[in-house]
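Down below is the structure, laid out as structure tokens.
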Amino acid sequence: MSKIIVAIDGFSSCGKSTLAKALSVHMGYVYVDSGAMYRAVTYYCLQKKLISAAGKFDEKKVVNTLKKIKLSFKYNPYAKSSDTYLNGDNIEKEIRQMKVSNHVSKIAMIKEVRDRVVDIQRTMGKEKGIVMDGRDIGTNVFPGAELKIFMTADIDIRVQRRLDELNSRGEHVTYEEVKINLMKRDYDDTHRKESPLSKAKDAVVLDNSDLNREQQLEYIERLIKDLLLTKDTLSI
Ligand code: CDP
């Protein structure tokens, strides 16, 4: 059966990566978390003290530092997805911390950062058979993706999901802190100049506020089955 690209975009913490991972396992596809790449660049800048406590940074210095960053990914069978490596070090845990979340959207606004990251993403999708989640996957990275999903969910449900995730990793933050972070990032991501988060015209909207993991997976699996059947019938 022919392989396709599944592009999943949407707001922060609405379960994109949960769905993307489950789909990749179901289809035997590669899962790529595009946000991890922006998080990795942000983490490097924080390590190098290029971002002040108030969140200020010199854009030129950030752009200059890109040549010192080598991103790679290695499949982790326990997580059933790939871990992110920065210059050879596994930084999968570190990039999920709130201190990274608090600055990532500003770093992701920089054109040169996006160009570099999008380049890597397009290379990863060359052979298709990929599920990628992010903010601009269906609109900019793979505008020709065969299936585009735009995910959303009620803000309080998203906050609770992210809070539970952070708590389970041992990072103790308040509900308010998480809510402020999600709202700020959603605002920055939808209002930036370079490929802002928006629904691609041909994307299917999935509001999963009242759906559990199994229900949302079932719904999308059905869509994919129909799509693949039509695609293969058309290409005969
Ligand atoms: O997990 P969550 O949905 O909270 O965020 P993420 O997917 O890890 O992405 C972190 C941040 O990276 C987003 O808030 C965006 O600012 C940026 N991002 C982006 O600009 N474009 C993408 N394709 C993916 C992420």
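The values are calculated or read from the model by the stated rules, or taken from the named source; none is laboratory data. Bear in mind the structure is a predicted one, so any value in this text is a computation, not a measurement. Cβ placement follows ideal geometry from the backbone for every residue including glycine, while neighbour counts extend to all protein chains displayed. Accessible surface is based on the protein model in full, side chains and every heavy atom, while ligands, DNA and RNA are left aside. Shrake-Rupley method; radii C 1.70, N 1.55, O 1.52, S 1.80 Å.
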key: Hey, Ala36 of a type in the set (A, V, I, L, M) and without any contact (Cβ under 8 Å) to a residue 60 or more places away in the chain or not   = yes
inquiry  = On the basis of being within 13 Å of the ligand (Cβ to nearest atom) and open to solvent by less than 50 Å² (accessible area, probe 1.4 Å), does Gly125 make the cut?
reply    = yes
ask   = For segment 170-180, does any single residue satisfy the condition of being more than 12 Å from Asp9 (Cα to Cα), in a loop (DSSP other than H, G, I, E, B), at pLDDT 95 or above and touching a helix residue (DSSP H, G or I) at 6+ places or on another chain (Cβ under 6 Å)?
value = yes
message = Going residue by residue through segment 130-143, is there one that turns out to be of a type in the set (D, E, K, R) and part of a strand (DSSP E or B)?
response = yes
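Any idea which of Asp119, Asp188 is more than 10 Å from the ligand (Cβ to nearest atom) and at pLDDT 95 or above?
Sole residue among the options that is more than 10 Å from the ligand (Cβ to nearest atom) and at pLDDT 95 or above: Asp119.
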message = Restricting to segment 117-164, name every residue that is within 18 Å of Ile95 (Cα to Cα), touching a helix residue (DSSP H, G or I) at 6+ places or on another chain (Cβ under 9 Å) and without any contact (Cβ under 8 Å) to a residue 60 or more places away in the chain.
response = Leu163
Meets criteria (in contact with a helix residue (DSSP H, G or I) (Cβ under 7 Å, 6 or more places away or on another chain) and more than 30 Å from Glu221 (Cβ to Cβ)) for Val30 = no
query = Which residues, taken from segment 51-67, are under 17 Å from Ser105 (Cβ atoms) and among the charged types (D, E, K, R)?
reply = Lys56, Glu59
request  = Would you be able to say whether some residue in segment 153-169 is in a loop (DSSP other than H, G, I, E, B), modelled with pLDDT under 95 and closer than 21 Å to Gln216 by Cα?
outcome  = no
key: Complete set of residues in segment 25-61 that are over 22 Å from the mean Cα position of the chain (by Cα) and on the phi > 0 side of the Ramachandran plot   = Lys49
